[in-house]
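See below for the structure under consideration.
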Amino acid sequence: MLRLTRKYGYVLQNPSRVSELLTLPYATRRVTMAGLANLAKFKGVYKEWKELRENSGLKWENRTSLDIVLDIINSPLKDIMEWLKEAVSGLPVEYGTVLVFNALTGLRVHEGINACKLLSDLDSQHKLDSYLNRELWMLEHFRFQQTFLRRCKNAYISLITPELLQVVLKNKPVIKYATLDTKLSRLGLSNRSKQLRKYYGTVLRDVLPTEAIDLLEGRVSSSVFARYYYKPFLSDVRNKVMKIVEPIQWELLYTLDNHQ
């Protein structure tokens with residue numbers, strides 16, 4: 001967002017060029033518009049930006065059914081584990097640790113980065129139990145609202161294993177996403193880190209209902225059933241998740257350990 005805002009920030013000074021935003025791909029246009037809105041608020045010209053957006057026909061469009069179908073077709077996940085093992089083998093251990101953590105928790109990339117840092121910080125302060133529910137081996141992100149609860153993208157809980165926690169506390173990964181992207185590029189690899197979350201949700205669908213996967217990935221369904229009647233026993237959810245996650249975990253931790 002920052003990069004695109006810098007690139008297209010001239011629109012706020014030169015409104016006649018706003019039509020150039022209409023030629024951008026859907027996803028790029030949305031991120032650019034969000035960045036320009038933030039910049040306009042900072043500079044005190046949000047009212048002018050809003051009028052400019054409305055007059056030029058720029059809209060906050062929702063994804064169409066076709067967009068969703070194309071995303072499914074163009075995001076094959078069958079080789080994502082091979083990509084991950086190759087990335088882990090070539091990256092510095094702290095970056096590989098975060099990628100493995102994200103693959104095994106289903107968190108968004110930045111959420112995984114924040115979670116790993118928070119675990120390391122709390123462990124050094126002997127306050128790990130303020131984040132980790134040891135009975136369920138569950139990270140309770142909701143206790144740190146400023147970090148994990150945002151307007152539209154949230155993380156509430158994540159299920160982990162003692163082995164994964166041990167690796168995070170041992171390696172204490174503190175990284176930046178931009179640097180991760182650069183390091184992957186130097187290895188000749190595309191950045192597929194966002195697909196790890198898709199893979200997590202996809203493999204869990206064999207053992208969990210959609211409502212439970214939504215809960216683990218930070219989504220709350222608007223359906224009446226999900227909001228008022230669906231009350232899963234988290235211990236049962238954990239058992240089902242571990243049947244899927246643990247075999248994947250051993251393979252990834254083995255790759256990470258051999259790299260070290």
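The values are calculated or read from the model by the stated rules, or taken from the named source; none is laboratory data. Predicted model, so just to flag it, every value in this text is computed and none were measured. No Cβ is skipped: glycine too gets one built from the backbone with ideal geometry, and neighbour counts run over all protein chains shown.
Details
- Sub-9 Å Cβ pairs linking a first residue in the stretch 197-212 that is over 16 Å from residue 235 (Cβ atoms) and outside the structural domain of residue 109 (by TED's automatic domain parsing) to a second residue that is at pLDDT 95 or above and surrounded by 14 or more Cβ atoms within 10 Å (Cβ to Cβ), at least 6 apart or interchain, number zero.
- Qualifying residue in the stretch 220-232 (condition: basic (Lys, Arg), more than 22 Å from the chain's Cα centre (by Cα) and modelled with pLDDT under 90): yes
- Against the conditions (1) surrounded by fewer than 21 Cβ atoms within 10 Å (Cβ to Cβ); (2) assigned to a loop (DSSP other than H, G, I, E, B), residue 107 satisfies every one except (1).
- The residues on offer are 20, 51, and the sole one that is outside the structural domain of residue 183 (by TED's automatic domain parsing), touching a helix residue (DSSP H, G or I) at 6+ places or on another chain (Cβ under 8 Å) and either assigned to a helix (DSSP H, G or I) or at pLDDT below 85 (or both) is 20.
- Given (1) in contact with a helix residue (DSSP H, G or I) (Cβ under 7 Å, 6 or more places away or on another chain); (2) over 17 Å from residue 137 (Cβ atoms), index of the condition residue 225 fails: (1)
- Answer residue from the stretch 149-164, given it is part of a loop (DSSP other than H, G, I, E, B) and free of Cβ contacts under 8 Å to residues at least 40 places away in the same chain and is nearest to residue 94 (Cα to Cα) among those: 150
- Scanning the stretch 216-225 for residues that are part of a helix (DSSP H, G or I) and either farther than 15 Å from residue 104 by Cα or without any contact (Cβ under 8 Å) to a residue 12 or more places away in the chain (or both) yields a total of 2.
- Residues (among the hydrophobic types (A, V, I, L, M, F, W, C) and either more than 21 Å from residue 80 (Cα to Cα) or assigned to a loop (DSSP other than H, G, I, E, B) (or both)) located in the stretch 165-210: 165, 167, 168, 169, 174, 175, 187, 189, 207, 208
- If you go through the stretch 213-234 and keep only what is surrounded by 11 or more Cβ atoms within 10 Å (Cβ to Cβ) and either small (Gly, Ala, Ser) or closer than 30 Å to residue 95 by Cβ (or both), you end up with 213, 214, 215, 216, 217, 218, 219, 221, 223, 226.
- Residues (in contact with a helix residue (DSSP H, G or I) (Cβ under 6 Å, 6 or more places away or on another chain) and over 22 Å from residue 153 (Cβ atoms)) located in the stretch 190-218: 207
Rundown of residues vs (1) free of Cβ contacts under 8 Å to residues at least 12 places away in the same chain; (2) touching a Gly at 6+ places or on another chain (Cβ under 9 Å); (3) not hydroxyl-bearing (Ser, Thr, Tyr), yes/no style:
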site: 78; (1), (2), (3): yes, no, yes
site: 83; (1), (2), (3): no, no, yes
site: 91; (1), (2), (3): no, no, yes
site: 97; (1), (2), (3): no, no, no
site: 101; (1), (2), (3): no, yes, yes
site: 106; (1), (2), (3): no, yes, yes
site: 120; (1), (2), (3): no, no, no
site: 124; (1), (2), (3): yes, no, no
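- Residues of the stretch 125-148 classified as outside any loop (DSSP other than H, G, I, E, B) and among the charged types (D, E, K, R), total: 3
- Boolean, residue 140 is under 21 Å from residue 103 (Cβ atoms), out of contact with any Gly (no Cβ under 8 Å at 6 or more places or on another chain) and among the acidic types (Asp, Glu): yes
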